[in-house]
Structures are given as structure tokens and as C-alpha cells.
Amino acid sequence: MSFTVSSKQLLSKIATGDGHGENSPYFDGWKAYDNDPFHPTNNSNGVIQMGLAENQLCFDLVQDWILDNPRASICTPEGVDEFRDIAIFQDYHGLPEFREAVAKFMGKVRRDRVTFDPDRIVMSGGATGAHEMVTFCLADPGEAFLVPVPYYPGFDRDLKWRTGIQLIPVHCESANGFKVTRDALEEAYEKTESENIRVKGLLITNPSNPLGTILDRETLRSIVRFINEKSIHLVCDEIYAATVFSQPAFVSISEIIAGDDGIKCNTDLIHIVYSLSKDMGFPGFRVGIVYSYNDAVVNCARKMSSFGLVSSQTQHLIAAMLSDDVFVKRFLAESSRRLGIRHKVFTRGLAQVGISCLKSNAGLFLWMDLHRLLKEQTLEAEMALWKVIIHEVKLNVSPGSSFHCPEPGWFRVCIANMDDHTMEVALKRIRSFVLQKKEPVVVPNKKKCWQDHNLRLSFSARRFDDFLMASPHSPIPHSPLVQART
Amino acid sequence: MRLLSRKASCNTHGQDSSYFLGWQEYEKNPYDEVKNPKGIIQMGLAENQLSFHLLESWLAKNPDAAGFKRDGKSIFRELALFQDYHGLPAFKQALVDFMSEIRGNKVTFDPNHIVLTAGATSANETLMFCLAEPGEAFLLPTPYYPGFDRDLKWRTGVEIVPIHCTSSNGFQITEAALNQAFEEAENRNLRVKGVLVTNPSNPLGTTMTSNEHNLLVSFIEAKKIHLISDEIYSGTVFTSPGFVSVMEILKNRNYDKFSEVWKRVHVVYSLSKDLGLPGFRVGAIYSNDEMVVAAATKMSSFGLVSSQTQYLLSAMLSDRNFTKKYISENQKRLKKRHGMLVSGLQKAGVSCLKSNAGLFCWVDMRHLLRSNTFEAEMELWKKIVYDVKLNISPGSSCHCTEPGWFRVCFANMSEETLELAMQRLKSFVTEYNRINNSNKESSAKNSRRRSLTKWVFRLSFDGADRQPEER
């Protein structure tokens, strides 16, 4: 028997298909940004990137630490005596000091209410690699994971693409703040099983991306009861744990299963995905972590981590940095504070023009409600509005539909990936756009250059400054916060 | 309900193989010159530790790369945020230039065709995901690197069908063996998607001959399948014949750059062996097929190279004075070390396959086997690990079809340690020979004694006061 081969068949279905998710309209905003990126002096009319959930607020702290700690690098004269040992270290257990430092850090982020065992720390290629790896360990092709909507679009690639599993949405709605309810979980579970698809687990992101909210204790307990009863896994993505900037305090799944809550749980079902990309602002270093309470999963994941180990050079740096208790304490406090300020400035600025956001206390973004600007409450109307925001207002924000949000009109707006000046420009643009939008956006897109419109602001430039300096409302000194009213 | 996936519950990860068991034994009792001089010497790890001083002295002269700086200015923030799966352009350029230099600049590589991955481990797995469906197969010449069983098969569901090579021709790939492997796959109902070769070879330490290369290219052309050339040891070629990359072969055969064959040949590279930096997880896929590059680039999200590491290495590898010096010095040291191992083995009466590359020798211990079986090979291996206290890799773990071959690494230890290892081996072989010879003598003596007894017995009837002869 011989097989005939066409040239497309020479590649796998995974390679030639769409499973990577990059043909989604989600990326159009990125392309617009790439073609015309904002720059304060060189391109002040460019597109401002608000689609990237990065934490850029505390690099000064880290840079200072690096200057003060040359031994953390294996390349400096102070650190080079370790170069050799680190450069050959490819043990998939990871450097012990790295695991200890990460375990300690994770504990600190959770206010030391729980401790983490360094021997359960498994490395991965960022949270991206961690999610795929955990899925390979827990589910076979065709099996399913439940995920509450809205959820991070990358999950479609990370959990499904090469693993062959399915993601089933768990319905959440704005009427109750997108809470994850027992009913919605049951409904999603029953429906999936009735279609003869085996549900292997539930994935939650806490704090939530894109909502920026945290799961309260009661919801977490209810979730734990649910997965226990169904004997399915619970994967908790806690990569935004340290981005909580105000009350209520973050409750990690590790606290719920610690036993004090009176909740009985088969801990073999509990797994945490972590990363330093959001909390520390180090996405480039690819530090992903799988922390499982299931020994077999730890063992299997550790072997699989060969496909995405953390560079030993980076492990060494992180180990030094995160075991510096003084630095960690200061960093966590300052990072929260700065995020809180950024959040407040933005939400207030939006509120002043009648735009509300979901009440949130975490994350690097806002979940902005623009449904009143939609001509009709449809996905098409949302996409039309989004295109206007990208091409005319020149902000790359992310439409709720890309997060599988069932209600149109929501947008995720990232606010921690820019300096103060850019933030002000962005806020100004949104406010101007909303103020001059007397009517909702028409679905067939009319190209309007809004910059040609006369912006009727009631203040002259000089009066702006006077107002601002005296303003009791601006939490950031010297910020040209526009308090325009029309 | 089964709680974990099949992948988690099976042992396709291959870590129950003897290759890894030897490592485990080593971990329990590792040799240390001072603290544990009777411990097990690690000779199962193909690491290159011979040229670190060159890297260290480069670092001393280049403080910027060390301190997250460019032209004295801190670029920490930029690096910390850089997660673009296209990779740092400066690094990719430096990497392709380095690859080209290793190949004597006979071929050049386009940085837009390179995909960075977390080590060659990830590169090989990613290529499988891109080129084959679960249940399809790749042909691999034996013996091959044991890690391929995990890297190519575990999570991808791809099968490996061996191309049997034998010592009769120095383990070279023959047309007959290729065809036989292809047939075997067909008989097992496996669609063959390609051939994967390692050049220079692990575990053989030999470079591929032009003959083999041409055979392979013609084969994949005819069958319309892929050819992956894992060239991670390309910089370890220390003596003639020099290294010839598959890309050079294609060039010499004058294939058009847009021809199908160009698009079906892919190279895997890494800095783990040539530069001795396995901890940094720097791997690469090079392909002329844009679809493969596009798909593999997206997949690299699951295992990107740390930006910190990309930056350090882009500075290092774009220093052409350094790379020239490094490549040549590294090869000199490898040659010397290889020579030490070969002569040490000779003194122990052990020979190895003639080799010109790699960080190991393919050692022939067939004459030390109790019988020409893999059981005997395992027996011998256990003696060497537990009694001689050397962790070497048995040929069976590399899927060798002939028992008695072992891979012995020489570049991951000091000269003194290597000498000690050779002494231990010599003692072992000497003792082995002594026992063997005395066994032979004693079985000869046993048969003389039997005929003597008969004679004595006869004599006793003839004359009772004669004493039997002493042994």
C-alpha cells in the first residue's frame, strides 16, 4: 500500500489550520498599532497600544535593584564565577534556590496566609507553556475544559491548539458582575456531558482577565464543592495575584483548600498556573510555573517541562531578586499603590464623561462599558464601534467579543503599559470621542476624521493649567487631567 | 474515570530507559575529586565543558552585555518586556552568522527563516507537530539519541521507525536499510512523513558522508517526504573529514530555491553542545518552507528563549573575533580530549568507532560480553556502573541493533577525572581478562584431571603404591 501526498498534506493539520487563533479580528487592532504606533514626540497622532496587558509601572525599582546586585548576573565580574555552573545547569527540577525563591514569593503575594512547597514548583515556558502543559497532563484529545466567559483569548490557542481538547464556555452576565454561579457551572457541565463530551476540568482566572475582579471566598468555595462533586480538575490561573491594589483582599485557591475553611477537597484535583509576566512585569523572561497538589501531575509536568525550561541565567537572576525580602516587600507595596493610582485616574476620567467600568480592584486593565454607544446591541455593532476606536480615536483596545463575552459593548482597556503622559493622551482621546459622539455609531462604517471637528472645550489652555494645579480631584500632581464638560 | 491524560499515565516519556537509570545511579553517588573520590564518574552526559574560559574572558571584556546595557544605557525594561515570538532581530542575525561560520561560510542562512525555541528538545517536538499527524511516522537511523523517543513521540503521537545500521560498514546509512525501514512502516500501516538524521551523529560521533547525504536527498525527493537534519553538534567537528551540512548538499545539487525539495529540508540547531550552554535553552529550527516557519513561530510561544539570554548571546555571537577564536580553540580541545579517551581505551584493550566529531566515542565492548545478547550487554553495563563506577550509556538505550556498544562522553569532566576513568576501566578489563582466562584454564585443567583419574584408576589396579600426580 502506498500513500499519495499533496503538498499541503505534507504539513500537519495543526500547522495548516487556524487553531493558533491569529486570524481572529482581535489581531486587527495590533496590526493597526504596528503600522502606526504612537510616540509622544515622533508620532503623537499614532495608535496608542491599550490591548497589551503589561505591567510597566515599577521598572525603576527593579533597575535600581539590578544595579545594586551585580552578583545576580552571571556575566558581571561579581557574578561570573558562577557562570559555568549555571550555564550547564539544565536539570528540569530547576535551580533549588529558584524554586525556593518563587515559592516564597508566591506566599508573600498571598500575604503569607499559605506556604508553597518548592518541590511542587515546576517550570514552564511562561504561563502560555504552563497552560498547555497542564492540559497535556490532565486531558486527552476530544475531552473538555469549562471556562467562565469572558476569558483571555490566548486560552483558545494555549489549551486547545496542539492538545486537541475543547473549551466550553460557562455563562456569566453583567447583571451580577459576571459572577461565576453554581447554576451556570452545572448547566455547562450537563450540556457538555449530554453531548457525550467528557468534562475533565474547570479553568478559572483569579484575578480575572479581562474583568480585573477577584473571586470572593464564597464563590471559590462553591467552585471547589462543584469540582469535588464532579471529580474534575480545577486549574487556577493566578498570574495577576500581585496586581490587586485595593480591597477586597485576594483569596487564592491555596487558602481555600488549606482546610481551615471547613471545605473538604480532593487536592489531587487542584493546580495553579503562575508566572512573573504580570506581577513583576517580566514577560520577556518566560518564567512560567505550574504548581500542582497532585504528585503524579507534578512528576509528569516536570518531565514535560523539558519542552520549555526557564533559562538558567534567568532562574539565577530571579532567585537572587525574589529572595531579597526587603526588595520584594517594597516592590509589592509600591506596585499595588501605582496600579491603584493608575486605575483611579482612568476610571474617574471615564466616569466624568459618563463611561462606566466594571468595578474592579486588580489587573492591568479596565473592563469598559460602551454599550450605550452601540446603535444596536449586537456583535456587529460592537465590531463597528471597535473599528472606529482603532482607526479614528486611534486606541488599540480589545473588543469584548474577542474574550467570548456574551454581551456586546464591553471593551478591555489596558492602562499599566504606558507612561503618565501617554495615559493622559489616551484618556483625552476617549473623553473627546465620547463627548462629541451625539449618536451611537452607525453599523456601516462612515469614515469620519474626528480630529477635523471643532472640539468645544470650555477652557482655554491657560485655564487648564490653573484648574489642574488647584484640582483636588487629581491624585497625580502635574497631570493635565481634563475636566472638560460640554 | 481516569484522572489524568493517557500521556501522563503512560511511559512514552521514555524515562524508564536505562539511559536515564544510569543518571539516577550517578545522582545517588556522584564522583567528586575531593568529597567522593570513589563515586560514579559521569560519562553519560554529552556536555561540552572544555571552553568555558573563553566565554568567561569574553564576559570580562564586555560589561554592557552583562549588565542589561547597550552603549552604557540600561535596556532592562526593553528586554523584560520583549516577548515577541519573532525573536530579537540582532540575536537571530548573530545566530545565523554563527551557523554559517561553522559551515565554513559555504552556506548562508536567512534570519527570517529561523525560529527560536527552548532548546533543541523543543525544536524537534515542534517540527513533529508541524509536519506530522498523530500516528504518522518518521524514519531514524539507529543508533540514535534516546531523548528522541520522548521529544518526537510523547505528546505528538508520532511514531519512530528505525533505519537499521550496523558495524559492518561503520553504521552508515544504506539504501537497502532506508527502503527496508520504509517498507516496515508501510507494513505497520504508518504513513511516513520524513526522515530525521543527526549530523554529526549522536551517539556515533561521525559526520555524514556525501554518499549518505545524496542517498537521503534522493530518497526524500522520490518519496516526497521531509528531511530533518539535527545539526546541533556541527561545531564539534575536530578533524577531517570536515562538516558538511545538508544545506550545502542541496546547494551543490543545484536545486532551485523554490523547488519542493528545498522546502522539505529542515535543520535543527542549538547552542547546548557547540557553546556548552545547555542551561540557557537556546534552540532553533531553520526551514525554507514559509508555512513551516510561520506555524513553528507561533508554536514557539510555548517555549520562547528568555530575552535576557537572547541579548547576551546576540552580543557574544556578533563579536566575530570571538566566534572565530572560539570555534577553533574549541575544536582543538575536543580533538585532544578525544585522543586521550581513545588511547586510554586502547590501553584497556578496548577499541571504538573511528570518529571526528561529537562529545563522545562509540565504544566497542562486544568482546567483553558473556554472549552476543542484550541481556549480556545489560549485565556488562550494570557492572560498569555499579562496580567500575562509570556511568556510560548502553547501545540498547540508543536502539542499536548490535549488543556490546556503549557511548562514552569525554568533554564533561577534567583531564584528571578522565584519566581516572580510564584507569578504572583498564583495571576492570584486566581483571575481567584474568578471570576469563583462569576460567578457561580451570576448565582445561578440569578435563586433564578427569583423564588423569582414569589413568590413576587403571594404575591402581596395576600397582597400589604409586601416588597420583599432583595438579
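The values are calculated or read from the model by the stated rules, or taken from the named source; none is laboratory data. If you're wondering where the values come from, they're calculated on a predicted model, not measured in any experiment. Methodologically, a virtual Cβ is constructed for each residue, glycine included, from the backbone with ideal geometry; neighbour enumeration extends over all protein chains shown. Side chains are part of the model used for accessible areas, which takes the heavy atoms of the whole protein and leaves out ligands, DNA and RNA. Shrake-Rupley method; radii C 1.70, N 1.55, O 1.52, S 1.80 Å.
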Check off (1) more than 9 Å from chain A (Cβ to nearest Cβ); (2) modelled with pLDDT of 80 or more; (3) open to solvent by 20 Å² or more (accessible area, probe 1.4 Å); (4) in contact with a Gly (Cβ under 8 Å, 6 or more places away or on another chain) for B:Leu50 and give me the number that stays unchecked.
-> (3)
Only one of (1) of a type in the set (S, T, N, Q); (2) under 29 Å from B:Gly395 (Cβ atoms); (3) surrounded by fewer than 23 Cβ atoms within 10 Å (Cβ to Cβ); (4) facing chain A (nearest Cβ under 8 Å) is not met by B:Thr121, so which one is it?
-> (3)
Please work out which one of (1) within 13 Å of chain B (Cβ to nearest Cβ); (2) assigned to a loop (DSSP other than H, G, I, E, B); (3) in contact with a helix residue (DSSP H, G or I) (Cβ under 7 Å, 6 or more places away or on another chain) is the condition A:Leu234 fails and give its number.
-> (2)
Please enumerate the residues belonging to segment A:295-314 that are within 8 Å of another protein chain (Cβ to nearest Cβ) and either out of contact with any strand residue (DSSP E or B) (no Cβ under 6 Å at 6 or more places or on another chain) or in a strand (DSSP E or B) (or both).
-> A:Ala296, A:Val297, A:Cys300, A:Lys303, A:Met304, A:Ser306, A:Phe307, A:Ser311, A:Ser312, A:Gln313, A:Thr314
Give segment A:256-281 a look and list any residue that's over 25 Å from A:Lys329 (Cβ atoms) and among the hydroxyl-bearing types (Ser, Thr, Tyr), or say none.
-> A:Thr267
The condition from (1) part of a loop (DSSP other than H, G, I, E, B); (2) open to solvent by 20 Å² or more (accessible area, probe 1.4 Å); (3) modelled with pLDDT under 95 that B:Val244 misses is numbered (3)
Scanning for something under 23 Å from A:Asn55 (Cα atoms), open to solvent by 10 Å² or more (accessible area, probe 1.4 Å) and assigned to a helix (DSSP H, G or I), does segment A:347-365 turn up at least one residue?
-> yes
Among residues belonging to segment A:71-90 that are more than 7 Å from chain B (Cβ to nearest Cβ) and open to solvent by 40 Å² or more (accessible area, probe 1.4 Å), point out the one that is nearest to A:Ala320 (Cα to Cα).
-> A:Arg71
For A:Trp386, work out the one condition from (1) touching a Ser or Thr at 6+ places or on another chain (Cβ under 9 Å); (2) more than 25 Å from A:Val62 (Cα to Cα); (3) part of a helix (DSSP H, G or I); (4) open to solvent by 10 Å² or more (accessible area, probe 1.4 Å) it doesn't fulfil.
-> (4)
Starting from residues that are in a loop (DSSP other than H, G, I, E, B) and in contact with a Lys or Arg (Cβ under 8 Å, 6 or more places away or on another chain), keep the ones in segment A:210-230 and report whichever is most open to solvent (accessible area, probe 1.4 Å).
-> A:Thr213
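One line per residue, one yes/no per condition, for (1) surrounded by 14 or more Cβ atoms within 10 Å (Cβ to Cβ); (2) modelled with pLDDT under 90; (3) more than 10 Å from chain B (Cβ to nearest Cβ); (4) closer than 21 Å to B:Phe82 by Cα:
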{"site": "A:Asp18", "(1), (2), (3), (4)": "no, yes, yes, no"}
{"site": "A:Trp30", "(1), (2), (3), (4)": "yes, yes, yes, yes"}
{"site": "A:Asn42", "(1), (2), (3), (4)": "no, no, yes, no"}
{"site": "A:Gly51", "(1), (2), (3), (4)": "yes, no, yes, yes"}
{"site": "A:Glu54", "(1), (2), (3), (4)": "yes, no, no, yes"}
Does any residue of segment B:66-80 turn out to be at pLDDT below 90, closer than 23 Å to A:Gln90 by Cα and within 27 Å of the chain's Cα centre (by Cα)?
-> no
Has segment B:304-324 got any residue that is farther than 25 Å from B:Phe76 by Cα and surrounded by 20 or more Cβ atoms within 10 Å (Cβ to Cβ)?
-> yes
Mind listing whichever residues of segment A:189-208 are open to solvent by 10 Å² or more (accessible area, probe 1.4 Å) and under 25 Å from A:Phe365 (Cβ atoms)?
-> A:Thr205, A:Ser208
Out of curiosity, is B:Ser100 farther than 30 Å from B:Ala185 by Cα and at the interface with chain A (Cβ under 10 Å from one of its Cβ atoms)?
-> no
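The rows are residues; the columns are (1) free of Cβ contacts under 8 Å to residues at least 24 places away in the same chain; (2) of a type in the set (A, V, I, L, M, F, W, C); (3) surrounded by fewer than 22 Cβ atoms within 10 Å (Cβ to Cβ); (4) farther than 20 Å from A:His131 by Cα.
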residue: A:Glu187; (1), (2), (3), (4): yes, no, yes, yes
residue: A:Ile239; (1), (2), (3), (4): no, yes, no, no
residue: A:Ile253; (1), (2), (3), (4): no, yes, no, no
residue: A:Ala258; (1), (2), (3), (4): no, yes, yes, yes
residue: A:Ser275; (1), (2), (3), (4): no, no, no, no
Look at segment B:392-408 and say how many of its residues are in a strand (DSSP E or B) and surrounded by fewer than 24 Cβ atoms within 10 Å (Cβ to Cβ).
-> 0
Log entry, pairs with first residue in segment B:213-237 being free of Cβ contacts under 8 Å to residues at least 12 places away in the same chain, second being assigned to a helix (DSSP H, G or I) and open to solvent by 20 Å² or more (accessible area, probe 1.4 Å), beta carbons closer than 9 Å, six or more apart or on different chains, reads B:Ser218/B:Glu175
Specify which of the listed residues (B:Ala177, B:Ala132) is surrounded by 18 or more Cβ atoms within 10 Å (Cβ to Cβ) and more than 10 Å from chain A (Cβ to nearest Cβ).
-> B:Ala177
Taking interchain pairs and intrachain pairs at least six residues apart, which have beta carbon atoms under 7 angstrom, with the first residue in segment A:113-140 and more than 8 Å from chain B (Cβ to nearest Cβ) and the second open to solvent by 10 Å² or more (accessible area, probe 1.4 Å) and of a type in the set (Gly, Ala, Ser)?
-> A:Val114/A:Ala258; A:Ala127/A:Ser277
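For segment B:357-378, what are the residues that are part of a loop (DSSP other than H, G, I, E, B) and open to solvent by 10 Å² or more (accessible area, probe 1.4 Å)?
B:Leu369, B:Arg370, B:Ser371, B:Asn372, B:Thr373
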If you go through segment A:285-293 one residue at a time, do you hit one that is more than 25 Å from B:Thr126 (Cβ to Cβ), assigned to a loop (DSSP other than H, G, I, E, B), open to solvent by 10 Å² or more (accessible area, probe 1.4 Å) and in contact (Cβ under 8 Å) with a residue 60 or more places away in the chain?
-> yes
Only one residue in A:Ser312, A:Ser335 is crowded, with 20+ Cβ neighbours inside 10 Å and outside the structural domain of A:Val102 (by the TED database). Which one?
-> A:Ser335
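Restricting to segment A:87-108, name every residue that is of a type in the set (Val, Ile, Thr) and touching a Leu at 6+ places or on another chain (Cβ under 7 Å).
Selection gives A:Val102 alone.
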Looking at (1) assigned to a helix (DSSP H, G or I); (2) touching a helix residue (DSSP H, G or I) at 6+ places or on another chain (Cβ under 9 Å); (3) more than 26 Å from B:Asp97 (Cα to Cα), find the lone condition where B:Asn211 falls short.
-> (2)
Out of all the residues in segment B:285-300, which are open to solvent by 10 Å² or more (accessible area, probe 1.4 Å), in contact (Cβ under 8 Å) with a residue 60 or more places away in the chain and within 8 Å of chain A (Cβ to nearest Cβ)?
-> B:Lys298
